[in-house]
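One structure below.
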Amino acid sequence: MFNNNSFKLHKHRLKMRMSLWIGFILFGVLITIIFFLMLFTYIQVHFVQQSNNAMQDAAWDIVSEYGNDDFEETIAILARNNGYLIQIISEETGLPVLSYNRNGKISQPQVSIEIKDLFTRMDDSHGYCFYTIEDPSYQSNRSAQAIVLSVENGYRQVLVVSQSMLEMESLNRILIHRVGIVFGLTIALAFLIGLILASYFTRPFRHIIQTAATMEKGDYSAHFSEDSGPYEAVSLAQTLNKVSAEFNATEQMRRDFVANISHDMKTPLTVIKAYAEMLDAFSADIPQKRAEHLARIISETDNMTELINELLELSRLQSHSFSLHLSVFSLNNMVRMVFDRIKIMSFAEHATLHLEADRDYSVRADLTLLHRAVYNLVSNALKYSADSKDVVVRIDSTVTGQTRLSVIDHGIGISQEDLTQIWNRFYRSPNHGNEIRGNGIGLNIVKEIFEAHHCEYGAVSTLGEGSTFWFTLEKND
């Protein structure tokens, strides 16, 4: 039994296959119709035109032979070889004075049209004309070429060369009959090919739909087959596998993030609770101990506040629900402000912060956001500097004239594998363990700030030697 989703999936597959199948049949029908129209046009235009031109040339050949000894022999040969009815009609008597049938033999005088109409046509066409007439003897039409051959005693003698169009009409009937047969065969062939190709094209898409349905049920390890099928299906499967891999990686980072956040929030809460209990039980009446315990409670509260602020800041930056408040300011002074803020933090104890700049650099940027980015970079440099808490912030110019700020430490360094992922949200290197507190948000915030400013940025590092994080801004001086 199909459930509702399975029924919809089955219905979608049938609809896809039916659409392709009908498409192939219509394509076959269209090709047949186009072929028929081209063939019909060729017969009606090219073949008929060639036949009429040949008849016209024959008429002028007869005119050129008029008066020669072999005049009648020429008429007989042309009539026999081409199936023409050739007559010379006198205006005086209204009857043919000479008539050769399609076998090249002299025949009984006969006229296929009224003589009056013939000579009326000649009056209107200055001595020669081409026309089509009915031929009752063949129940068909005849095409005719008429030319004034001579004028005797004021009466014209007109050469009329004509041929029956019965052969042409018969050819059309045969063509229609054959096209009907070809049309039927084309439909049958298109039906079979359509079924085969529809199955070929839809099979990989059916597998994709089935795999997607598996993922919908929560099995994100499902793999889309890339083995066979049309290029579009293979390309789609490859893209979906990449999306699936990225989704799985993001899901893993999310789980790690939840675990880290839970740990980072649980730790200060535990410390706050412990010191609050000690404050209540032991140090309420001891000023020195009370001050130490209160300071630790305040410090852990600050850690939680910073964590929550980072989460809110990241959410705001990634939602793009903000606008840059650009202003011109001294980058050197902003770095000094960052140093002043960091020096009061516990992790900056015994730290040495240096600013290296050959002059004062002015830039146009969002001061608050850029301050946050540089603060995150410098605080990270201190946290990962191990025993050597010596951090240098260098400001200089690039060869293209941009202002570059680099944060340099001599700490534990970052592996090349981790360098490609450190900007990702929630990512923390497994090599750092739990001895260094962090939640994988800081560098992602930095990345969002840099990209909002359209900065170039990056990092270089060597394990055991230290790291350099840098970004560039356009000069404003």
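Taken together, the values in this text are just the output of simple stated rules run on the coordinates, not laboratory data. Since we're looking at a predicted model, the values are computed, not measured. In this analysis, Cβ positions are derived from the backbone assuming ideal geometry, glycine residues included, and neighbour counts consider all displayed protein chains.
Per-structure values
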{"read-out": "Virtual spin-label span in nm between His126 and Ile33, 7 Å along Cα→Cβ", "value": "4.5 nm"}
{"read-out": "Integer Hz, Karplus 6.51/-1.76/1.60 couplings in order for region 394-399, x for Gly and Pro", "value": "10, 10, 8, 10, 8, 5"}
{"read-out": "Ordering of 66-73, 94-101, 154-161, 28-35 by packing [mean C-beta count within 10 Å, highest first]", "value": "154-161, 94-101, 28-35, 66-73"}
{"read-out": "Residue order, fewest to most surrounding Cβ atoms within 10 angstrom, among Arg178, Arg80", "value": "Arg178, Arg80"}
{"read-out": "Inter-label distance, nm, simple model (7 Å from Cα along the C-beta direction), Ile196/Asn52", "value": "4.5 nm"}
{"read-out": "Likely footprinting exposure, Asp390, Asp340, fewest C-beta neighbours within 10 Å first", "value": "Asp340, Asp390"}
